[in-house]
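Inspection log for the structure reproduced underneath, given as structure tokens.
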Amino acid sequence: MTTEAHAAHAETHGGHHHEMGFIRKYIFSQDHKIIGIQFMLMSLVFILLGGGLALALRWQLAWPGGEYGPEYAKPVPILGKLLWSNTGGSMPKEAFPMFTTMHGTIMIFFVIIPLLVGAFGNFTVPLMIGAKDMAFPLLNMLSFWFALPAGIIMLLSFFQEGGAAAAGWTAYPTLSGPATWRGEPTGLSGGGQSYWLVSLIILGTSSIMGAINYLTTIINMRAPGMGFFRMPLTVWSIFITSILVLFATPVLASALGMLLFDRVGGTSFFLAGPKFPGASGQPLLWQHLFWFYSHPAVYIMILPAMGVVSDVLSTFSRKPIFGYKSMVFAIAGIAGLGYIVWGHHMFQSGMNPLLGTTFMVSTVLIAVPSAIKTFNWLGTLWGGSLHLTTPMLNALAFVSMFTIGGLSGVFMASTTFDIFIHDTYFIVAHLHYVLFGGSLFGIFAGIYYWYPKMFGRMMSERLGKLHFWLTFISYNLVFFPMHIIGLGGHPRRVSSIMEYDLFKPLQHWNVFMTYAALVLGAVQLIFAWNFIASWFLGKKADRNPWHGNTLEWTTPSPAPHGNFEVTPIVHRGPYEYHAPGSGRDGINPQTEPGKGAALAAH
Amino acid sequence: MSFGLPENVATFGEDVDALFYLILVITGIAFFAVQITLVWFVIRYRHREGQPARYTHGSNRIEVIWTIVPALILVVIALMSQKAWAHVRLDFPKDPYVVQLEPAQFQWDIRYPGLDGKFGNDDDYMTVNKLRVPFGRPIVVEMTSKDVLHSFFLPEFRVKQDVLPGMTTKVWFEPVRTGKWEIVCAELCGLGHYRMRGEIHVLPEAEFEKWREDKEAGPPLPKRTPK
């Protein structure tokens, strides 16, 4: 690969050739690829925990206890013996809020966000823009070493008196308020809630470090020729996500700090009512501050997956992305509108109904850029030459499932119909279609796609496809019925609907979904085995196993420290497959000069 | 098997449900259009040797079309929602029967005005978990929480309103018939949240009046919780 006139720019990395010890290389590493893998491994451990909590919740929902009839008594396997021998092995209903709280918290903050932003962001951004590393390698290392202790603190909260946080992942005050107020016990949350707050403040700091790093790297360290509109959509999505993180996370951090003061410092930002004499705070203020972060956070959890899926769809359709620029503008549009829709979580909260109207309008409008993206993905498939590999199957599932999640959102955007479905299983169905059906299938696509670049070996396609189909089917059997019981009025965060006559006829769905969830959990072991075994036994990967165009495929697999043997020169956009003059299978790498009419295309 | 929305017993319930069916039809069409296209493309354009992919970057005209069409449909949904929303949340009826709700972990305390129709004096009376209202008049429920957030959810009346400490929220509804239904707490309010169940009894006016007279002859109430 010659680089013609730009040869002067091409540097080799002589300065990096000294050998580093194991600790510098793999533990306190400043290499973006290792840090990305660290984030990924941390999140994959947490997903086991979050998934285990989910299965325990499902078990409780299906078999809430013998007091409703003998068929409703089934001790929880494993956990029942370990923790709840005094209740005959079934989960005490009082433990349920803690489990929902920690399931949500772990999945959002320690699985989806670190996987998409921490793992994919770190691993792909420098490789895809042709940089040696991130702009601030030390800061990058610190961002991981803030995230891990945050996770450990979150886990330690389980061992506090009163257990871990139990006020929901949204931690609405005054339920999340202090255990004592002016010397009087309030009967509210124990120490676990404070651990929860401290952990998330530390994690938020880690996120901000990451965001600064991504922005600086993308703005300043693109290879020669890599204009903004030649960047792969994965990089665009991380770029815009970082802007979201940078501007939204400090608001969350402030709110968390204020709530921590309310709990331990005697302040009353969010406390009011007879339980807190003398307090004149405002519980609704928390909801505004929390959702001002947490709604953009929803997009932090989906935009990078959209970027990954766009890359995977283009590569395996052997075709340019349909409407590349409108894809970029749609990401920006979602992010921009994402800042002014937070109130749709608060339609029934006591917020002024006129504000509800404002937020309804902004919320329905955000469906427009989401629709544009979906149509453009379909346009990308149109006329393509589709290779149905494991990453491609997961990316297609993303498009299909995200469509369901997007459409179910319209029901809740309508202030009026939201009255009925707010805080029912309909929202649970919606958020899981976006975060599991969307984000997690996107994550699977990304892991199967970049695994060869990370570890130099291929994951098994046969196991990958088996894992995909079993996951796809059982996933839908778990989550689709949640729409139905939600429309029946089934409230969320309730451990036993057998308390209500109205909901008893829905109970058989709970049993059905729990069986499906057990299958869904079990088939993830196929993925775990494939992931671990391929590390040692997988087929050796060459530089470009998928015949991709983007820069990461020009480096050896796994990519060495410093990434590129010579600084790449970029000659065209990332998706010029099958442009006139392309190579076999339509390949047309960004780095190859003078080939194809596509030079002028962007 | 149990499908669909619970029965509707509120005067505005049909407006709420109509929006559901409207959105269901619109999103249903979009759902089938996208999924069928996706599956069709996957089958139709599966890789075949010697058949290259079409080299195209898209079309601005089609981008404009699929931006404007969904935007228009969505704005119509928003406008139609707004009409019902304003009716449910802003058009409070004249001359309603008013009760006050003061929930605490994990029960619904309900306060009724005495014969003078005013709250806060000695002839108020209370019930726990059983809300009784007369049939034939619109009902207004004013609520404030004694401790944490709760949410007053009457599934069959299409009513849901969070109850907060330190501020008063209110809703109205008008039953279309007498009967008994359940009150659900729809906001996580602590470890006993699952059992925070109440009942609403819509009584014929005469029966309600008789119950009220019996109640007023009963022992006086504990003093109102200071706000």
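The values are calculated or read from the model by the stated rules, or taken from the named source; none is laboratory data. These numbers come from a predicted model, not from an experiment. Cβ placement follows ideal geometry from the backbone for every residue including glycine, while neighbour counts extend to all protein chains displayed.
Restricting A:G521, A:G488 to those that are at negative phi, more than 22 Å from the chain's Cα centre (by Cα) and not charged (D, E, K, R) reduces the list to A:G488. Among the residues of this structure, A:L466 counts as one that is surrounded by fewer than 24 Cβ atoms within 10 Å (Cβ to Cβ), over 23 Å from A:P369 (Cα atoms) and modelled with pLDDT of 95 or more.
Restricting the first member to region A:510-523 and to residues that are more than 11 Å from A:R58 (Cα to Cα), and the second to residues that are modelled with pLDDT of 95 or more and of a type in the set (S, T, Y), the beta-carbon pairs closer than 6 Å and six or more apart or on different chains are A:V519/A:S474; A:L520/A:S474; A:L520/A:Y475; A:V523/A:T471. Checking each residue of region B:112-129 against the condition of being in contact with a Gly (Cβ under 9 Å, 6 or more places away or on another chain) and part of a strand (DSSP E or B) gives at least one match.
Helices (runs of 4 or more DSSP H) wholly in region A:281-347 with at least 3 residues that are within 14 Å of chain B (Cβ to nearest Cβ), surrounded by fewer than 22 Cβ atoms within 10 Å (Cβ to Cβ) and hydrophobic (A, V, I, L, M, F, W, C) - which ones? If you could, list the steps in order and put the result at the bottom.
Details: elements: A:283-300, A:303-317, A:324-338.
Where helices (runs of 4 or more DSSP H) fall fully within region A:281-347 and carry at least 3 residues being within 14 Å of chain B (Cβ to nearest Cβ), surrounded by fewer than 22 Cβ atoms within 10 Å (Cβ to Cβ) and hydrophobic (A, V, I, L, M, F, W, C), they are A:324-338.
Taking the condition without any contact (Cβ under 8 Å) to a residue 12 or more places away in the chain and buried (at least 23 other Cβ atoms within 10 Å of the Cβ), does A:F402 pass? No: the conditions fail for A:F402. Within region B:51-66, the set of residues being in a helix (DSSP H, G or I) and of a type outside the set (S, T, N, Q) comprises B:R61, B:I62, B:E63, B:V64, B:I65, B:W66. Suppose the filter is in contact with a helix residue (DSSP H, G or I) (Cβ under 7 Å, 6 or more places away or on another chain) and buried (at least 22 other Cβ atoms within 10 Å of the Cβ); does A:L139 pass it? It is false that A:L139 is in contact with a helix residue (DSSP H, G or I) (Cβ under 7 Å, 6 or more places away or on another chain) and buried (at least 22 other Cβ atoms within 10 Å of the Cβ). Of the strands (runs of 3 or more DSSP E) contained entirely in region B:163-227, those carrying at least 3 residues that are in contact with a helix residue (DSSP H, G or I) (Cβ under 7 Å, 6 or more places away or on another chain) and modelled with pLDDT of 95 or more fall at B:179-185.
With the requirement that a residue be at positive phi, of a type in the set (G, A, S) and within 14 Å of another protein chain (Cβ to nearest Cβ), what does region B:119-172 give you?
Correct list: B:G166 only.
Any idea which of A:S496, A:S557 is buried (at least 20 other Cβ atoms within 10 Å of the Cβ) and either within 14 Å of A:V428 (Cβ to Cβ) or within 13 Å of another protein chain (Cβ to nearest Cβ) (or both)? Testing whether each residue is buried (at least 20 other Cβ atoms within 10 Å of the Cβ) and either within 14 Å of A:V428 (Cβ to Cβ) or within 13 Å of another protein chain (Cβ to nearest Cβ) (or both) leaves just A:S496.
In summary, A:Y433 fulfils each of the numbered conditions (1) more than 10 Å from every other protein chain (Cβ to nearest Cβ); (2) over 16 Å from the mean Cα position of the chain (by Cα); (3) buried (at least 22 other Cβ atoms within 10 Å of the Cβ) with the single exception of condition (2). Whether any residue in region B:105-112 is farther than 17 Å from B:V141 by Cα and within 14 Å of chain A (Cβ to nearest Cβ) is what I want to check. Yes, because at least one residue in region B:105-112 is farther than 17 Å from B:V141 by Cα and within 14 Å of chain A (Cβ to nearest Cβ).
Going residue by residue through region A:160-169, is there one that turns out to be in a helix (DSSP H, G or I), surrounded by fewer than 23 Cβ atoms within 10 Å (Cβ to Cβ) and either touching a Phe, Trp or Tyr at 6+ places or on another chain (Cβ under 7 Å) or aromatic (F, W, Y) (or both)? Within region A:160-169, none of the residues are in a helix (DSSP H, G or I), surrounded by fewer than 23 Cβ atoms within 10 Å (Cβ to Cβ) and either touching a Phe, Trp or Tyr at 6+ places or on another chain (Cβ under 7 Å) or aromatic (F, W, Y) (or both).
Does at least one position in region A:358-370 carry a residue that is at the interface with chain B (Cβ under 8 Å from one of its Cβ atoms) and in contact (Cβ under 8 Å) with a residue 60 or more places away in the chain?
At the first step, the residues of region A:358-370 found to be at the interface with chain B (Cβ under 8 Å from one of its Cβ atoms) are A:360-361, A:364-365, A:367-368.
Right, trim to in contact (Cβ under 8 Å) with a residue 60 or more places away in the chain and you get none.
Scanning region A:358-370 turns up no residue that is at the interface with chain B (Cβ under 8 Å from one of its Cβ atoms) and in contact (Cβ under 8 Å) with a residue 60 or more places away in the chain.
Considering only residues in region B:194-216 that are over 14 Å from B:M126 (Cα atoms) and aromatic (F, W, Y), the one that is nearest to the other protein chains (Cβ to nearest Cβ) turns out to be B:Y194. Hey, among the residues in region B:35-57 that are within 7 Å of chain A (Cβ to nearest Cβ) and exposed (fewer than 14 other Cβ atoms within 10 Å of the Cβ), which one's nearest to the chain's Cα centre (by Cα)? Among them, the one singled out is B:R46.
Would you pick out the residues in region A:348-380 that are small (G, A, S) and crowded, with 20+ Cβ neighbours inside 10 Å?
If we filter region A:348-380 for residues that are small (G, A, S), which is where we start, we get A:349-350, A:356, A:362, A:367, A:370-371, A:379.
Correct list: A:S349, A:G350, A:G356, A:A367, A:S370, A:A371, A:G379.
Where residues in region A:502-518 are within 12 Å of chain B (Cβ to nearest Cβ) and assigned to a helix (DSSP H, G or I), which of them is farthest from B:R195 (Cα to Cα)?
Kept after step one, since they are within 12 Å of chain B (Cβ to nearest Cβ), are these residues of region A:502-518: A:502-510, A:512.
With the extra rule that they be assigned to a helix (DSSP H, G or I), the set shrinks to A:504-510, A:512.
Working: A:K504: 14, A:P505: 18, A:L506: 17, A:Q507: 16, A:H508: 20, A:W509: 20, A:N510: 18, A:F512: 23 Å.
Selected residue: A:F512.
Quick one: which of A:I78, A:I106, A:I129 is over 30 Å from A:E565 (Cα atoms) and in contact (Cβ under 8 Å) with a residue 12 or more places away in the chain?
Numbers: A:I78 fails: in contact (Cβ under 8 Å) with a residue 12 or more places away in the chain; A:I129 fails: over 30 Å from A:E565 (Cα atoms).
Being over 30 Å from A:E565 (Cα atoms) and in contact (Cβ under 8 Å) with a residue 12 or more places away in the chain holds for just one of A:I78, A:I106, A:I129, which is A:I106.
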